[in-house]
Amino acid sequence: MKRLVECVPNFSEGRDTAKIDAIVAAMREVPGVYLLDRESDADHNRSVVTLAGEPEAVAEAALRGVGKAAELIDLTQHTGAHPRMGATDVVPFIPIEGVAIEDCVALAKKVGREIWERFRIPVYFYEAAAQRPDRTNLENIRKGQFEGLRDEVLRNPDRAPDVGEPRLHPTAGATVVGARKFLIAYNINLNTPDLEVAKRIGKNIRFSNGGLRYVKAMGVDLQARHLAQVSINLTDFEQTPIYRVFEMVKREAERYGVSIVGSEIVGLIPKRAIELTTDFYLQLENFSPAQVFENKLEASLGGAALDGPGKLAALAQPFLDAVAAPTAAPGGGSVAALSGALAASLGEMVAGLSRKKKSQAAHVDALSAALAEFTAASRFFAEAIDRDAASFDAVMAAYKLPQDTSELKGTREVEIQKATQGAAQVPLEVARRAAGIFEKLGQLEGISSPSMLSDVRVGRLMSAAAVRGALENVAINLESITDTAFTLPMRSEAQSLAARVAEIPVNAGR
């Protein structure tokens, strides 16, 4: 299976092209790393580079970029509109294919340690890699920026880095490394130079102040253009679509008597985010991603014909063949995850179609929110199909470890227990998410089009099957785990999840 990660290092230099070129060149020297994008902004005085490739190669490229930035960027001479605390300010790793977020966390930890060992630049971990709850959010770590943190870290142990000595590099500062989902960096420009207006809008829309979930925002002064900007990070575009952010900024701007003059994407954006926005603004009826030319071409070149007889069978057959093959994985856990994905996808269909019907106009907001939840769940379950198979492979690999000596036997047993715990956690996560989808589909019955009631109920049956199937995999793995502090809470939660889907009414007709 192909393993791909994305890395989006942010460097505190957006004006000197020669320096940016040198940093990018250092990263491109690593074989197997692909430069997908680079963007620089003089007002922000910041560059964002997007890399992709095999995890180990991307990690090495990021390290070389950090090293070159430390040579070329002096934060004591740096000014810009964007907050920063390091020459390489932030290095996030994002799972793309064949890699889970846990793998990116491990990669971030490894890179963080290497940054300190190679360059003596202290490191903080954030998002999924955070070692403290208060360091999950980047803004908490970066409070005070380079100048403030440089002084405070010397006298406040609470601001000490996660890796390295409690003092910043004299010119390169500190670097924040982490793992996260795909983030959309989105800026909206206003037809006013009044920075206070942009700051107020940013405060009103960001989640930390009661605004939109998965939105971080701040006001930025674009002096060169005589404009104020609302600079936004959208951390989950499926839960909070980009069009919802645009509309809220537009309404907030009108309150202050200003308007939007343009917006921009910094770096790359998933095709799915554009599809969701197109669907919303054009109010397309019965729109499907399969209608996008590139999607259809990619699927066809991959061997899945989307037109003609047997098109649906062609899409499903590769997975069916993989399950039917005389190998232990993919097995029941992956099938349970697929059941959850099918349930969530039915929810997507019903919510998406219902919100376009005049008869359901009173429920548009609730249906849109449900659609976002089902979409995110469908992606989660799809990833869990591979995660479950990978967790089983890890258990098998642990059993194959050598046991020629008592020491090796002890190491082998520790690894078996560790891998088996992982193999129990994945299906429990599937069961937990599927139980939520079961209940969300139940809520959908009262607000969706009555003509699709059977689809909703089939979705509930599939989500219940996902819960029960996943819990079977939890149970069989718990039998091999000796740590009762681990098994007892999981058994208790498993019983609770099973009870949530215990009764499912079946329509037998009239």
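Looking across the range 62-97 at every residue that is under 23 Å from Pro270 (Cβ atoms) and among the β-branched types (Val, Ile, Thr), the one that is surrounded by the most Cβ atoms within 10 Å (Cβ to Cβ) is identified as Val91.
What about Ile94, is it within 16 Å of Leu149 (Cα to Cα) and either in the same structural domain as Glu13 (by TED's automatic domain parsing) or touching a residue at least 40 places away in the same chain (Cβ under 8 Å) (or both)?
Working: within 16 Å of Leu149 (Cα to Cα): no; either in the same structural domain as Glu13 (by TED's automatic domain parsing) or touching a residue at least 40 places away in the same chain (Cβ under 8 Å) (or both): yes.
Here the answer is no, as Ile94 does not meet what is asked.
For the range 194-217, the set of residues classified as surrounded by fewer than 21 Cβ atoms within 10 Å (Cβ to Cβ) and over 24 Å from the mean Cα position of the chain (by Cα) consists of Asp194, Leu195, Glu196, Val197, Lys199, Arg200, listed by residue number.
Table: residues versus (1) more than 15 Å from Ser345 (Cβ to Cβ); (2) within 25 Å of the chain's Cα centre (by Cα); (3) surrounded by 20 or more Cβ atoms within 10 Å (Cβ to Cβ).
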residue	(1), (2), (3)
Val426	yes, yes, yes
Ala434	no, yes, yes
Gly442	yes, no, no
Pro450	yes, no, no
Asp455	no, no, no
Ala464	yes, no, yes
Ala470	yes, yes, yes
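Taking Ser406 as the residue in question, decide whether it is polar (S, T, N, Q) and under 22 Å from Leu346 (Cα atoms). It is false that Ser406 is polar (S, T, N, Q) and under 22 Å from Leu346 (Cα atoms).
Would you check which residues across the range 205-230 are farther than 14 Å from Phe246 by Cβ and either in contact with a Phe, Trp or Tyr (Cβ under 8 Å, 6 or more places away or on another chain) or not in a strand (DSSP E or B) (or both) and list them?
Filtering the range 205-230 for residues farther than 14 Å from Phe246 by Cβ gives 206-210, 213-214, 216, 218-228.
Those that are farther than 14 Å from Phe246 by Cβ and either in contact with a Phe, Trp or Tyr (Cβ under 8 Å, 6 or more places away or on another chain) or not in a strand (DSSP E or B) (or both): Arg206, Phe207, Ser208, Asn209, Gly210, Arg213, Tyr214, Lys216, Gln223, Ala224, Arg225, His226.
Pick from the range 248-279 the residues that are more than 21 Å from Phe182 (Cα to Cα) and buried (at least 17 other Cβ atoms within 10 Å of the Cβ): which of them is farthest from the chain's Cα centre (by Cα)?
Taking the range 248-279 first, the residues more than 21 Å from Phe182 (Cα to Cα) are 248-262.
Then keep just the ones that are buried (at least 17 other Cβ atoms within 10 Å of the Cβ); that gives 248-249, 252-253, 258.
Working: Met248: 23, Val249: 23, Glu252: 27, Ala253: 29, Val258: 33 Å.
Filtering first and then ranking leaves Val258.
So, in the range 29-55, of the ones that are surrounded by 18 or more Cβ atoms within 10 Å (Cβ to Cβ) and on the phi > 0 side of the Ramachandran plot, which residue ends up nearest to the chain's Cα centre (by Cα)? Here the answer is Gly53. If you go through the range 188-220 and keep only what is of a type in the set (Gly, Ala, Ser) and under 23 Å from Asp365 (Cβ atoms), you end up with Ser208, Gly210, Gly211, Ala217.
Only one of Gly262, Gly257 is of a type outside the set (Val, Ile, Thr) and under 30 Å from Pro92 (Cα atoms). Can you tell me which?
One residue alone meets the criteria, Gly262.
Of everything in the range 166-181 that is within 25 Å of the chain's Cα centre (by Cα) and surrounded by 20 or more Cβ atoms within 10 Å (Cβ to Cβ), the residue that is farthest from Glu238 (Cα to Cα) is Ala174.
Only one of Leu401, Leu408, Leu428 is without any contact (Cβ under 8 Å) to a residue 24 or more places away in the chain, of a type in the set (A, V, I, L, M, F, W, C), farther than 24 Å from Phe237 by Cα and part of a helix (DSSP H, G or I); which? Walk me through it before giving the result.
Numbers: Leu401 fails: part of a helix (DSSP H, G or I); Leu428 fails: without any contact (Cβ under 8 Å) to a residue 24 or more places away in the chain.
Criteria check complete, one pass: Leu408.
Search the range 218-247 for residues being within 17 Å of Gly80 (Cα to Cα) and surrounded by fewer than 20 Cβ atoms within 10 Å (Cβ to Cβ), and hand back the single one that is modelled with the lowest pLDDT. Per the criteria, the residue is Ala224.
Tell me, yes or no, whether the range 479-493 has at least one residue that is part of a loop (DSSP other than H, G, I, E, B), of a type outside the set (A, V, I, L, M) and touching a Lys or Arg at 6+ places or on another chain (Cβ under 9 Å). Spell out how you get there, then give the answer.
Step one: of the range 479-493, the residues part of a loop (DSSP other than H, G, I, E, B) are 479-483.
Going one step further and asking which of them are of a type outside the set (A, V, I, L, M), we end up with 479-480, 482-483.
Within this subset, residues satisfying the condition of being touching a Lys or Arg at 6+ places or on another chain (Cβ under 9 Å) are none.
The answer is no, given that none of the residues of the range 479-493 is part of a loop (DSSP other than H, G, I, E, B), of a type outside the set (A, V, I, L, M) and touching a Lys or Arg at 6+ places or on another chain (Cβ under 9 Å).
To keep it simple, each residue is scored yes or no on (1) farther than 17 Å from Arg355 by Cα; (2) at pLDDT below 75; (3) outside the structural domain of His44 (by TED's automatic domain parsing).
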site	(1), (2), (3)
Arg251	yes, no, yes
Arg255	yes, no, yes
Ser259	yes, no, yes
Gly262	yes, no, yes
Gln283	no, no, yes
Asn295	yes, yes, yes
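Within the range 47-61, is even one residue of a type in the set (D, E, K, R) and in contact (Cβ under 8 Å) with a residue 40 or more places away in the chain? Yes: one or more hits.
The values are calculated or read from the model by the stated rules, or taken from the named source; none is laboratory data. Fair warning: this is a prediction, and the values are worked out from it, not measured in the lab. A quick note on method: Cβ atoms are made from the backbone with ideal geometry, for glycine too, and the neighbour counts reach across all protein chains shown.
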